[in-house]
1. Pairs please, first residue from segment 114-136 and on the phi > 0 side of the Ramachandran plot, second anywhere and in a loop (DSSP other than H, G, I, E, B) and surrounded by fewer than 17 Cβ atoms within 10 Å (Cβ to Cβ), Cβ atoms under 8 Å, 6+ apart in sequence or on different chains.
2. Could you grab me the full set of residues in segment 89-114 that are surrounded by fewer than 19 Cβ atoms within 10 Å (Cβ to Cβ) and at pLDDT 90 or above?
3. Give me a count of the residues in segment 72-83 that are part of a loop (DSSP other than H, G, I, E, B) and in contact with an Asp or Glu (Cβ under 9 Å, 6 or more places away or on another chain).
4. Can you find a residue that is touching a residue at least 12 places away in the same chain (Cβ under 8 Å), aliphatic (A, V, I, L, M), crowded, with 16+ Cβ neighbours inside 10 Å and not in a helix (DSSP H, G or I) anywhere in segment 46-63?
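The values are calculated or read from the model by the stated rules, or taken from the named source; none is laboratory data. All figures in this text were calculated on a predicted structure; none of them were measured in a lab. A quick note on method: Cβ atoms are made from the backbone with ideal geometry, for glycine too, and the neighbour counts reach across all protein chains shown.
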Amino acid sequence: MIMPTNVGKQSGAALVVGLLLLVVITVLAVSGMSTATTELAMARNDQSYENAFQAAETGLEQALAQNRFDALRPVVLPELKINNHDSVLAEIRPDRDPTIVPDRAFSLGVGSGVVAYHFVAEANAVSRRSPDTETDRDSKAKHTQAFYIIGPQGPAYITGPQEPTP
């Protein structure tokens, strides 16, 4: 067997280059993990907001489906618990004084005793990270919808079964 004669002349450049490449790969791996963690938190926040958004939409639908409109005072619906994390409060309130339907071209015009009652329905939803506690990571959404109802002219126009107002 023949032994190399220039063993003492090697300077270890391969070791230095290998260690440098290992450091670069480690920095890239740590950076990638940090980016992935940030993106995961962003996705979680987006999902939480989407849950609050959908809860607010559900609150509006439920408020309008109750068919309870009072031209004199707001109608506040009980809190709707959608699941352990999501809840919504909805309210329907009069927006302004009733307006007379424009003219007889609408088949119900002026002098017919028919007016338009204007309302605003508002739903405020919360999607909590933890069902029992409030955190800074909870999401909230507020949806508002304006509408009007055509009805007989009078002091108040109320439809549907009514509960006593406290």
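1. The qualifying pairs do not exist here.
2. LEU89, GLU91, ARG93
3. 2
4. no
Let's see how each residue does on (1) surrounded by fewer than 12 Cβ atoms within 10 Å (Cβ to Cβ); (2) touching a Leu at 6+ places or on another chain (Cβ under 7 Å); (3) at pLDDT 85 or above:
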| site | (1), (2), (3) |
| --- | --- |
| ALA116 | no, no, no |
| ALA123 | no, yes, yes |
| ASP136 | yes, no, no |
| HIS143 | no, yes, yes |
| ILE149 | no, no, yes |
| PRO161 | yes, no, no |
| PRO164 | yes, no, no |
